[in-house]
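**Q** Questions regarding the structure given below will be posed in turn.
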Amino acid sequence: MRMHNALMQTMPHYDIVSLTQDNYTIAREVYFTNPEYFAFFGGVSDDESILNAMYAVPDGFDISGKLFVAICDKNQDGKVVAVIDLLADYPNKGNLWLGLLLVHGDLHGKGIGAFVVDGVVKAASSANFDSIRLGIIEKNSNAIRFWEKVSFTHEGKSNDILVFQRGLHESL
């Protein structure tokens, strides 16, 4: 996916590691330090939740357009600081869908999430996407505040999911 190279360009002090069946366990600590996120879905953070996320795509979406990666800090012996899930050209051509941004629980409130979002925005822009969209569970007020803080705006609602978006031809 064109986003992998673009992310490496926008976050040079981090390794962008595609998660696979062989290495997905590197994401465990990020998942396990975020039990409140999984509580919104009535689930738990375990290996199965990582594997499910790795292969989850909307009906009819070609999985080759999915990028599921760990962001590893080169300055901290490769510590995984975040996991992101991106879908190219979903739901429409030119849209990048951010299906997941999960920051290591020990790093909440330290600017890592905003840094990752900034990197994704710059990478998506350089990869010629028009916008980034994402969904937030309506009762997740912390997430709503975070996404508004990083310049995403509420676009609509589907059931209990709020859809947010950010155009990429606006000032970064």
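The values are calculated or read from the model by the stated rules, or taken from the named source; none is laboratory data. These numbers come from a predicted model, not from an experiment. Positions of Cβ are backbone-derived with ideal geometry, glycine not excepted, and every protein chain shown enters the neighbour counts. Note: areas computed on protein heavy atoms with side chains; ligands, DNA, RNA excluded. Shrake-Rupley method; radii C 1.70, N 1.55, O 1.52, S 1.80 Å.
**Q** Of H4, G43, F152, which is farthest towards the positive pole of the chain's charge dipole, taken about the Cα centre with +1 and -1 on the beta-carbons of Lys, Arg and Asp, Glu respectively?
**A** Working it through, the farthest residue towards the positive pole turns out to be F152.
**Q** Tell me, in nm to one decimal, what length is gained between I161 and L51 on full extension, where the rule is 0.36 nm per residue of separation less the Cα-Cα distance?
**A** Gain on extension, I161 to L51, equals 37.3 nm.
**Q** Hey, another quick one. About its Cα centre, what dipole magnitude does segment 32-75 give when the only charges are +1 on Lys and Arg Cβ and -1 on Asp and Glu Cβ, stated in debye to the nearest 20?
**A** 180 debye
**Q** Bins of 10 Å, beginning at zero and ending with the bin holding the largest distance: percent of Cα pairs per bin for segment 79-167, please.
**A** The distribution over segment 79-167 is 16, 52, 29, 3, given as percents.
**Q** Residue separation times 0.36 nm, minus the C-alpha to C-alpha distance between D59 and K149: what's the value? If you can, show how the numbers build up before the last one.
**A** Values: separation 90, 0.36 × 90 = 32.40 nm, distance 3.12 nm.
Stretched fully, the D59-K149 segment lengthens by 29.3 nm.
**Q** Which entry is the computed semi-axes √(5λ) of the Cα gyration tensor in Å for this structure: (1) 21, 19, 17; (2) 31, 18, 13; (3) 32, 16, 16?
**A** Here the calculated entry is (1).
**Q** Next question, about the same structure. How much of the DSSP bridge set in the chain is antiparallel, in percent, rounded to the nearest 5?
**A** DSSP beta bridges in the chain are roughly 90 percent antiparallel.
**Q** Among G94, Y55, V83, whose Cα sits farthest toward the positive end of the charge dipole of segment 30-102 (+1 at Cβ of Lys/Arg, -1 at Cβ of Asp/Glu, about the Cα centre)?
**A** G94
**Q** Using unit Cβ charges (K, R positive; D, E negative) and no other charged atoms, how large, in debye to the nearest 20, is the dipole of the chain about its Cα centre?
**A** 480 debye
**Q** From the mean inverse distance of alpha carbon pairs (Kirkwood) and the Cα radius of gyration, derive Rg over Rh for segment 35-97.
**A** 1.03
**Q** Follow-up. For D89 and F40, compute 0.36 nm times the residue count separating them, minus their Cα-Cα distance, and round to one decimal in nm.
**A** 15.0 nm
**Q** Of the heavy-atom accessible surface of the chain (probe 1.4 angstrom), what whole percent is carbon and sulfur?
**A** On the way: 4230 of 8750 Å².
Its accessible area is 48 percent carbon and sulfur atoms.
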